[in-house]
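*Asks:* Below you will find the structure I want to go over with you.
The values are calculated or read from the model by the stated rules, or taken from the named source; none is laboratory data. Quick caveat: nothing in here was measured; it's all calculated off a predicted structure. Every residue, glycine as well, gets a Cβ built from its backbone with ideal geometry; the counts of neighbours run over all protein chains shown.
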Amino acid sequence: MKKIFSLLVILIFSTAGFSQVPKTETQQLAKLLGANKKEIVKSFVDLPQEDIFWELFDEYEKHRESFGSKRYSLLVQYAENYEGHSDKKLEEIIEKSVKLKNDAEQLLLKYFEKIKAECGIKTASQFYFIQRFFEASLNANILGNLPIIEK
């Protein structure tokens with residue numbers, strides 16, 4: 001619980017100074033957390049089979065990054081012309097966003113199962129929840145900085 005509280009404090013203070021938007025989701029997460037993602041994962045996840053875990057983690061990150069880049073690109077596309085988008089364009093952005101979120105969730109579940117099979121349920125559960133934490137933190141930061149279409 002102490003670790004989570006410490007991470008939350010870091011996030012709160014790092015988001016207060018959020019001014020320049022990094023070019024990728026990974027860069028933004030690194031700026032938001034103020035640390036390397038692997039270092040944070042290592043401090044939260046029990047690693048009885050470290051080599052296997054990191055191999056699967058790197059594999060997951062490689063696939064996840066493609067979803068993150070596409071999602072980030074969609075958000076930038078929305079933000080650059082948020083008041084000028086047609087109804088059709090807004091619907092297209094939302095549909096793509098939902099599909100990417102669903103695909104990313106399926107990827108996370110796939111790697112949860114792989115890690116569970118190789119490293120056990122405890123490690124897999126910790127992996128799953130720290131990933132959810134990263135996602136929620138990043139979402140709050142990105143969405144908190146997006147313009148909202150006014151009435």
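*Asks:* Test of understanding: among LEU100, LEU107, which residue is surrounded by 13 or more Cβ atoms within 10 Å (Cβ to Cβ) and touching a His at 6+ places or on another chain (Cβ under 7 Å)? Full working, then the answer.
*Replies:* Numbers: LEU100 fails: touching a His at 6+ places or on another chain (Cβ under 7 Å).
When all the criteria are applied, what remains is LEU107.
*Asks:* Mind checking which residues of the range 59-92 are closer than 19 Å to ASN141 by Cα and not hydroxyl-bearing (Ser, Thr, Tyr)?
*Replies:* First pass over the range 59-92, keeping only residues closer than 19 Å to ASN141 by Cα: 64-65, 67-80, 82.
If the condition is that a residue be closer than 19 Å to ASN141 by Cα and not hydroxyl-bearing (Ser, Thr, Tyr), then ARG64, GLU65, PHE67, GLY68, LYS70, ARG71, LEU74, LEU75, VAL76, GLN77, ALA79, GLU80 are the ones that fit.
*Asks:* For the range 33-41, check the following and say yes or no: at least one residue is in a helix (DSSP H, G or I), surrounded by fewer than 16 Cβ atoms within 10 Å (Cβ to Cβ) and modelled with pLDDT of 90 or more. Before the answer, list the steps.
*Replies:* First, the residues of the range 33-41 that are in a helix (DSSP H, G or I): 33, 37-41.
Restricting the remaining residues to those that are surrounded by fewer than 16 Cβ atoms within 10 Å (Cβ to Cβ) gives 38-39.
So of that shortlist, the ones also modelled with pLDDT of 90 or more come out as none.
The answer is no, given that none of the residues of the range 33-41 is in a helix (DSSP H, G or I), surrounded by fewer than 16 Cβ atoms within 10 Å (Cβ to Cβ) and modelled with pLDDT of 90 or more.
*Asks:* Looking only at the range 51-88, which residues are in contact with a helix residue (DSSP H, G or I) (Cβ under 9 Å, 6 or more places away or on another chain), of a type outside the set (Phe, Trp, Tyr), over 16 Å from GLU113 (Cα atoms) and in a helix (DSSP H, G or I)?
*Replies:* Within the range 51-88, GLU65, GLY68, SER69, LYS70, ARG71, LEU74, LEU75, GLN77 meet the criteria.
*Asks:* Okay, next question. Just the residues that are of a type in the set (Lys, Arg) and buried (at least 16 other Cβ atoms within 10 Å of the Cβ), please, taken from the range 44-70. Lay out the reasoning, then the answer.
*Replies:* Of the range 44-70, the ones of a type in the set (Lys, Arg) are 62, 64, 70.
Once the filter is applied, which keeps residues that are of a type in the set (Lys, Arg) and buried (at least 16 other Cβ atoms within 10 Å of the Cβ), the range 44-70 yields ARG64, LYS70.
*Asks:* Could you grab me the full set of residues in the range 71-96 that are among the charged types (D, E, K, R) and surrounded by fewer than 15 Cβ atoms within 10 Å (Cβ to Cβ)?
*Replies:* First, pick out the residues of the range 71-96 that are among the charged types (D, E, K, R): 71, 80, 83, 87-89, 91-92, 95-96.
Result: GLU80, GLU83, ASP87, LYS88, LYS89, GLU91, GLU92, GLU95.
*Asks:* Of the residues in the range 84-111, how many are touching a Phe, Trp or Tyr at 6+ places or on another chain (Cβ under 6 Å) and among the small types (Gly, Ala, Ser)?
*Replies:* Of the residues in the range 84-111, 1 are touching a Phe, Trp or Tyr at 6+ places or on another chain (Cβ under 6 Å) and among the small types (Gly, Ala, Ser).
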